[in-house]
Amino acid sequence: MALATAPRPAFPFTEADLGRFRETQQLAYHCAEQVAAWIEPGVTERQATAQLRRRLVAAGVEDFFHVPFAWFGDRTAFRHFHTPLQFFAGGRKLEEGMPYVLDCAPVVDGYTADIGYGGKVGENPLWDRLAADLRVYRELILREVKARKPLDEVYAAVDAQIAAHGYDNRHRVYPGRVIGHQVTRTTARGPAGVNLFGFGVRTLQTLGRELISERLHGRSPLWADGRASRHAPTPGLWAVEPHIGFRDVGIKFEELLVVTEDDAYWLDDDLPHVRRWSTTAEEASR
Amino acid sequence: MTPRRRTVHSADGLPLAVFEQGDPAAPTVLMVHGYPDTHAVWDDVAEDLAADHHVVRYDVRGAGASGVPAGRDGYRLEHLAADLFAVADAVSPGRPVHVVAHDWGSLQSWEAVTEPGAERRIASYTTLSGPCLDHMGFWLRARFRRPTPRHLRQLLSQGLHSWYITAFHLPVLAPATWRFGLARAWPRVLRDLEGVAPRAGHPQPTLRQDAVRGIELYRANMRPTLRAPRERPTEVPVQLVTLTRDRYVGVALSEGLERWVPNLTRRSLNASHWSALLEKGSVVAGLVREFTARTGAGQKAGPPEDGRLVVVTGAGSGIGRATALAFAEQGSRVVVCDLDLEAATRTAELASLVGPAAHAYRVDVSDGAAVDAFAKQVAADHGVPDVLVNNAGVGHSGTFLQTTEQEWQRVLDVNLWGVIHGCRAFGTLMTERGEGGHIVNLASAAAYLPSKLLAAYATSKAAVLMLSDCLRAELAPAGIGVSAICPGIVNTNITRTTTFSGVTADQQAAKQQRASKLYARRGFPPEKVAAEIVRSVRTGKPVVPVTFEAKAARLLGRVSPGLLRLAARLNVG
C-alpha cells in the first residue's frame, strides 16, 4: 500500500529547538496562570482574552498561531455552538461556580506553543471530577502514540475512554473534529500579528504549505478520526488537545507531544494540570 | 397512647382544642384536618409519627371541640391562618414546626405558609388534596386566557370534580342535605366511594354540626379569593402529595406550582381523598417522616431531591446510563445495575454528582433468582422503588435460519426474560407496598418493524411490547403505570456488542464497526431517549416511539402493514 511505504520523515528538531519550544510553552502556561489568578466573577470572556494577550505580549510574544480564546460556563463544553464564530470570546460574564477554559498559542521567534488551561471559580464538584479524569487521557494518548498506532485509532481509543467515563467528546466541535495538530517552527514571512478568521496569517501560510506537502505523503498535519489520519504518528511536534464535557462543564488541556522516529513523550511535565494531579494524588494518599 | 388535651386561644378569643402526643423535645409536627373532619381523621398518622415526633393536632374553628365563630367573616382564611400560628406558638415556642394538612386544612395552611416570613415559623409543609386558593386563582386565570384544548380539558375536568363547591353555595339546601340524611349516610359514602372500611369512633359524633358549620368555609373564602388572587410565593419547603384516586382535587391543579414554590417536592400516593389518611395512615406518616428528616437536616443547599427511588437495569452505558443520570438530575435517588459492575459504579458516581447519592449493583437480568435477590436487596437497602426501568438488552442480527439455538436463547434470555424477571420481582414489591409506581420497558422500533435480518431481536422486542400492554392492564388498579419505549436508531454501544449469525469473528468485528458508524452518523443521542423516558413516567404514555424513524415506522405499520412486510425482505437491519 502506497501510504504504508511512504518514507517516514526524520525528526526535524534539535535539542536546542525543543528547549525553545519548551520555553514558549512555559511562558504561555505562566501567562494563563496569571490570568487565572486575576480572573473573578463579573469578568467577561473578552476582558479575559484581552488580559491574556496583554500579558503574552508583555512577555515578548510577537505573533499568535491563533488569537487567544476564553470560554466561560457552559461554553466550556461548547453547548449550543452552531457556527465557528461562536468560538470567539464574547460578552459572557463569569459567575461563582463557573468553569472556564483559556486557550492561547503564542509564537516566539517562530517557536510555537499552543496551550489550553481549564479552571473554575468557587466550588464545582463536576469540574473537580472531570479535571481529575483528564489525567487518564494524557496517559492513554502517550501510550497509544508510543505504540505507533495510526492516529485515527488513537482518536477512537480516546472516544472509547470518553464513552466509558460517561462524558462526551467536545474536541469534535473544533473545525475538522481535530484532537490535535502538528506544530512546526514558522518560517513564513507574512505580517506578524495579523490574523484572518482568528488564525495568524503566518499560521495560515505555514499550515497551508504543510497541508499540501503532507497530503502528498498520505499524511495530514491535522489529527482527527477520518481517513486522512489513517497513518502512524508523524515524527515532530503535535499540539494535542483532548476536550471532554459533561453537562454544562467542559475541560481540556493542550500541550506539545514530541514524536520521535521510535518514541514519544510529552515535551514538559512541569505544567499546571500535571502538578494538580500530583498534589491531589498526594492528598489522597495522605 | 391518648393525646394530652389543652386549649389555645385564637387572636379573636376563640378556644381551640389542641391534642398533643409524643416527646415534646422531638421535632413538632402540626396536623390540620379538612372538611367535614376533626383532628380524629389523623388518628393513624399521628399514632405512627408520635414514635419519633412531637405530634400536635387541633380542631379548626367551628369543628369538633373548638369554639364557633359568630358569623361568616370568622371563617375567613386570615383567621384560620392566624389560628395555625397561635397553636404553633403555644406548642413549640421559638422552634419552627412541620405542618401536615389535608383538604380544607391544606387550603388554610397554604394561607399560613404563603404569609411573608412564614419560613421562620414553618420548617416544612406537607400538603394533601388542597391547593392554595390564590395559586388556583392564577391557575384558572391562565387557562381562561389561553384556552388551548389541553387547558380547556383541564378546566372541564376540574369543574366536574368541584361540583360540590357550587352546591355548597346554595342557601338552605346544602345545610339541609347534611342535616337530613347525608351525615347519617356518611360512613356508607366513605365505604362505597372512598374505599374506607367503617370503624369505631369514625366519623366523629359531632359530624352533623361540623359539616353544617363548615359550609361557611366555602362561602366565606371561595369566591373572593378566586376572583382576586394575590401573588403568594413561599420559601417554605413544600411536599405535595398527589392522591391518584382523588375525586375532588385533580392532578392538573398543581401544574406550574413551582412558580410559587421553588422548593417543591412532588410525591404521589395511590389512594382516594380519605383512604389516604384512614386506610394508609402509616404510608402518609412515612412520607412526612422522610420529609421532616430531610428539611430538618437543612438540606436546602444540596441537589434537589424529589424523594423517588428509581431502579435502572443495564445502566453501565448508553440509554441506561443516560436515563439514570436524567432521573438523578431530577432529584431521584437512583439504583443502577449492570453485568459490568465497574461501568455501573461509574454511572452511580456520575449520578451522585448531579443528584442524590446513587448506588450500583452487579446483576445478570437473565438470571431470575439473581433479579429476585437484587429486588430484595434494593428493598432492604433503599426501599421499594417508585420507578423501574427495564433497559438491559443485547443486539443480535441474523436471519431465522442462520440464528442458532444458543443465539436465540441468549437474545430471549436477556431481552425478554430480563424484562419478565424485572417486572415480576419489582412489580410484586410495588403492588405490595400499594403506593403505585411506574415500570418502563425498553422495547424497540423493531418490535413493530419486521426485518428478515433481525428475527431473534425483533421477536424479543415485540414480546416486550405485548408484555407491557398486558401488564399495564393488570397493574392499572394498583396505580402502577407501564410504558414501552421504542427508541429506533440511537448512538450507543449496543452496536459494538451486537452479535451476528453465521459470520467469522473478523467479519463480525467489521460488521459491528459498520453498524456503529451508521448509528454514529445518525447521531441520535441516548440523552434524548432518557428525556422521553422521564417524560413517559410523568405522563404515563403507554407506548413511546422516540426517533423519527421509530415514529414513521409505527405510523406506516398502521396505514400500510403490507408495505412494511415487503420492506422486511430487504437486507437491512
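The values are calculated or read from the model by the stated rules, or taken from the named source; none is laboratory data. Quick caveat, the model's predicted, so the values are computed rather than measured. Note: ideal-geometry Cβ built from the backbone for every residue, glycine included; neighbour counts use all protein chains shown.
A few comments on the model shown:
- The one condition from (1) surrounded by 19 or more Cβ atoms within 10 Å (Cβ to Cβ); (2) in a helix (DSSP H, G or I) that A:Ala105 does not meet is (2).
- Checking each residue in the range B:175-206 for being closer than 22 Å to B:Asp246 by Cα, among the aliphatic types (A, V, I, L, M) and either over 27 Å from the mean Cα position of the chain (by Cα) or not in a loop (DSSP other than H, G, I, E, B) (or both) picks out B:Leu182, B:Ala183, B:Ala185, B:Val189, B:Leu190, B:Leu193.
- Scanning the range A:179-197 for residues that are surrounded by 17 or more Cβ atoms within 10 Å (Cβ to Cβ), of a type in the set (A, V, I, L, M) and either within 14 Å of chain B (Cβ to nearest Cβ) or in contact (Cβ under 8 Å) with a residue 60 or more places away in the chain (or both) yields A:Ile179, A:Val183.
- Any hit, the range B:541-558, residues being modelled with pLDDT of 90 or more, crowded, with 19+ Cβ neighbours inside 10 Å, under 24 Å from B:Leu325 (Cα atoms) and within 14 Å of chain A (Cβ to nearest Cβ): no
- Within the range B:207-232, the set of residues being among the aliphatic types (A, V, I, L, M) and either over 29 Å from B:Phe144 (Cα atoms) or in a loop (DSSP other than H, G, I, E, B) (or both) comprises B:Leu207, B:Ala211, B:Val212, B:Ala228.
- A:Val259 surrounded by 24 or more Cβ atoms within 10 Å (Cβ to Cβ) and aliphatic (A, V, I, L, M): no
- Single condition B:Arg213 does not satisfy, out of (1) in contact with a helix residue (DSSP H, G or I) (Cβ under 8 Å, 6 or more places away or on another chain); (2) touching a residue at least 60 places away in the same chain (Cβ under 8 Å); (3) not polar (S, T, N, Q): (1)
The rows are residues; the columns are (1) acidic (Asp, Glu); (2) surrounded by fewer than 23 Cβ atoms within 10 Å (Cβ to Cβ); (3) in the same structural domain as B:Thr225 (by TED's automatic domain parsing); (4) in a loop (DSSP other than H, G, I, E, B).
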site: B:Ala63; (1), (2), (3), (4): no, no, yes, yes
site: B:Pro93; (1), (2), (3), (4): no, yes, yes, yes
site: B:Ala101; (1), (2), (3), (4): no, no, yes, no
site: B:Gly137; (1), (2), (3), (4): no, yes, yes, no
site: B:Gln158; (1), (2), (3), (4): no, yes, yes, no
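- In a residue-by-residue description of the range B:221-238, the property of being closer than 24 Å to B:Glu435 by Cα and in the same structural domain as B:Ala65 (by TED's automatic domain parsing) applies to at least one position.
- A:Arg143 without any contact (Cβ under 8 Å) to a residue 12 or more places away in the chain and more than 12 Å from chain B (Cβ to nearest Cβ): yes
- When A:Tyr155 is tested against (1) within 14 Å of chain B (Cβ to nearest Cβ); (2) over 15 Å from the mean Cα position of the chain (by Cα); (3) closer than 30 Å to B:Gly316 by Cα, exactly one condition is not met: (2).
- Listed by position, the helices (runs of 4 or more DSSP H) inside the range B:399-484 whose residues that are in contact (Cβ under 8 Å) with a residue 60 or more places away in the chain and assigned by TED's automatic domain parsing to the domain that holds B:Gly195 number at least 2 form an empty set.
- Answer residue from the range A:114-129, given it is more than 14 Å from every other protein chain (Cβ to nearest Cβ) and touching a Lys or Arg at 6+ places or on another chain (Cβ under 9 Å) and is nearest to A:Thr184 (Cα to Cα) among those: A:Gly116
- The range B:141-174, residues that are more than 24 Å from the chain's Cα centre (by Cα) and in contact (Cβ under 8 Å) with a residue 24 or more places away in the chain: B:Arg141, B:Ala142, B:Tyr164, B:Ile165, B:Phe168, B:His169, B:Ala174
- Each residue in the range B:365-381 was checked for being crowded, with 17+ Cβ neighbours inside 10 Å and assigned to a loop (DSSP other than H, G, I, E, B), and 2 of them qualify.
- Screening the range A:229-250 for residues that are within 14 Å of chain B (Cβ to nearest Cβ) and crowded, with 23+ Cβ neighbours inside 10 Å and picking the one that is nearest to A:Leu142 (Cα to Cα) gives A:Ile244.
- Answer residue from the range B:308-318, given it is of a type in the set (A, V, I, L, M, F, W, C) and in contact with a Ser or Thr (Cβ under 6 Å, 6 or more places away or on another chain) and is farthest from the other protein chains (Cβ to nearest Cβ) among those: B:Val310
- Pair list, Cβ under 7 Å, 6 or more apart: the range B:343-372 residue under 20 Å from A:Gln161 (Cα atoms) and facing another protein chain (nearest Cβ under 9 Å), other residue basic (Lys, Arg) and in a helix (DSSP H, G or I): B:Thr347/B:Arg321; B:Leu353/A:Arg129
- Looking across the range B:319-342, not a single residue is at the interface with chain A (Cβ under 9 Å from one of its Cβ atoms) and either in a loop (DSSP other than H, G, I, E, B) or at positive phi (or both).
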